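Structure record follows, encoded as structure tokens.
Every number in this text was worked out from the coordinates using simple rules, so none of it is lab data. Small disclaimer: the values here were computed from a predicted structure and weren't measured. Please note: Cβ atoms are built from the backbone with ideal geometry, for glycine as well, and neighbour counts cover all protein chains shown.
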Amino acid sequence: MAEILGLTVTDFPFLRMKPANMPWVLHGNLAWGWRNQPHLRNTGNWPEPMRKEWLNDRDQGRTAGAVHQQRQFKQFLRLRRELDDFRPDIIVNLYRDVAETFAGEERPQFWIHAHDSVAVTPYNLWTFFRDNYFEEDPDRIDILTGHAEAALYLANHLQQSGITPRVVPEPIHPNGLGHNAIAAAVHLDWERREFGTPIIPVGIDPFRFGRDRDEEGLSPLDTSRDDAPLTPQQAFDLGVEMAKAWRASPWRVALVAGVDWSHANDTGKNLERIHPDVVADQARFAQWKNGRFGNWGASWTFDEMEQHAQWELLITIVLAGAMSETGSQVTYADFQPTWVCNDNFVTTVFEPR
């Protein structure tokens, strides 16, 4: 029976840009956002920890952002050591994609990239952030190796279990993959960036219901629509079946949730969230690091995700299902709240099982 190594890594895109970009979402809202909510632009209305990270109108959170960035670099090196020790045949990257790969009317709940390679430009972001941390040529192209055979094997197993995945046989994103998938690949190979291990990206869209998303948040939630994302239970069950598939396979698999926890802009604009929900994330993280996530499929609701800006944890719930199926225990976990950088970062290592 093949082993699975479970990991989580942040997908925060500005970590691979210059440190001054770390609070970019907040800077953007102060410059041109919150036009209908001017009180949110008054730093005096912010909670004390957020004001502390902001420091002053000259620093504007840049010092705190640089500190967060350096702490994450250490997390990346920890994860790389785990991968090197485990020596996976494949990295399966569960990632969040919001109308990037599927930018038209079709918006699947989730999909599996089943191609043998994809060309990406890791050192620019959305084509206009080009001043990257590595000082690489922003137009440099790297090839990420895929594994079509294993991807189709996974898709076939899921179909037989009653879960119908959307299979993407050829890259269709303008940059090969969505920026969050690229981020996880870079973060897991931070020092070398050789991308030698085949990667199977699995995209998940948590913002369906016809919702639009920008720096300020999400358009109104309408659960009467029939284009719902995966429910928490469906996400958990997907993880269970993925674990069953990989354990019965000939491949050693690193199953990675490349996603952050709550985001300042992952809830309705009317809720006026200007920072991640640190308290709600800390409560869930206490369950997570102590292995108390076996009921996460049943214990989450869309209302809770909306209230606490935790929609993207659907991706983490997939990993929770997989680790529940394997019985893996957490051997390392780190929670990094960021009051001015839009996201909370969680790093996790599970024992291989």
Per-residue Cβ contact counts at 10 Å, fewest first, order Val259, Val67, Val167 as Val67, Val167, Val259
In nm, give the distance between the simple-model label positions of Thr301 and Gln70, each being 7 Å from the Cα along the Cα-to-Cβ direction. 4.4
Neighbour-count ranking [beta-carbon atoms within 10 angstrom, fewest first] of Thr301, Thr10: Thr301, Thr10
The stretch 248-329: trypsin sites (Lys or Arg not before Pro) falling in loop per DSSP and having at most 16 other Cβ within 10 Å: Arg252, Arg292
Positive end of the charge dipole of the chain (Lys, Arg +1 and Asp, Glu -1 on Cβ, about the Cα centre): tell me which of Ile172, Phe86, Ala309 has its Cα farthest that way. Phe86
222 nm [θ] for the chain, helices only, -39500 (n - 2.57) per DSSP H run of 4+, per residue, to 500? -10000 deg cm²/dmol
Full-extension gain between Tyr332 and Asp227, please, as 0.36 nm times their residue separation minus the C-alpha to C-alpha distance. 34.1 nm
Tell me, in nm to one decimal, what length is gained between Glu105 and Glu149 on full extension, where the rule is 0.36 nm per residue of separation less the Cα-Cα distance? 13.0 nm
Roughly what would the spin-label model give for Ser117 and Asn290, points 7 Å off Cα along C-beta, in nm? 4.9
With both partners inside the chain, how many of the DSSP beta bridges are antiparallel, as a percent to the nearest 5? 50
About its Cα centre, what dipole magnitude does the stretch 142-272 give when the only charges are +1 on Lys and Arg Cβ and -1 on Asp and Glu Cβ, stated in debye to the nearest 20? 520
Quick one: length gained pulling Asp84 to Arg166 fully straight, 0.36 nm per residue minus the C-alpha distance? 26.4 nm
Taking GluC sites (Glu not before Pro) in a DSSP loop with at most 10 other Cβ atoms within 10 angstrom as exposed, one finds the longest site-free stretch of the chain at 195-353
With N residues in the chain, what two-decimal value do you get for its Cα radius of gyration over 2.2 N^0.38 Å? 0.93
For the chain, the longest principal axis of the Cα atoms and the Cα long axis of helix 313-326 enclose an angle in degrees, to the nearest 10, of 30
In debye to the nearest 20, the charge dipole size for the chain, taken about the Cα centre with +1 at each Lys and Arg Cβ and -1 at each Asp and Glu Cβ, equals 740
Kindly put Tyr153, Tyr95 in sequence by how many other C-beta atoms sit within 10 Å of each C-beta, fewest to most. Tyr153, Tyr95
For helix 278-289, what angle does its Cα long axis make with the longest principal axis of the chain, in degrees from 0 to 90 and rounded to 10? 20
Set the Förster distance to 22 Å, then compute FRET efficiency between Glu191 and Arg130 from the Cβ-Cβ distance, nearest 0.05. 0.50
I'd like the orientation of helix 232-247 relative to the chain: the angle between its Cα long axis and the longest Cα principal axis, in ° from 0 to 90, rounded to 10. 40
Which whole-number percent is the relative contact order of the chain (Cα, under 8 Å, 6+ apart)? 28
Scan around Ser117 for amide H atoms under 5 Å from its own, H built in the peptide plane at 1.01 Å from N, and keep only partners 5 or more places away or cross-chain. Gly146
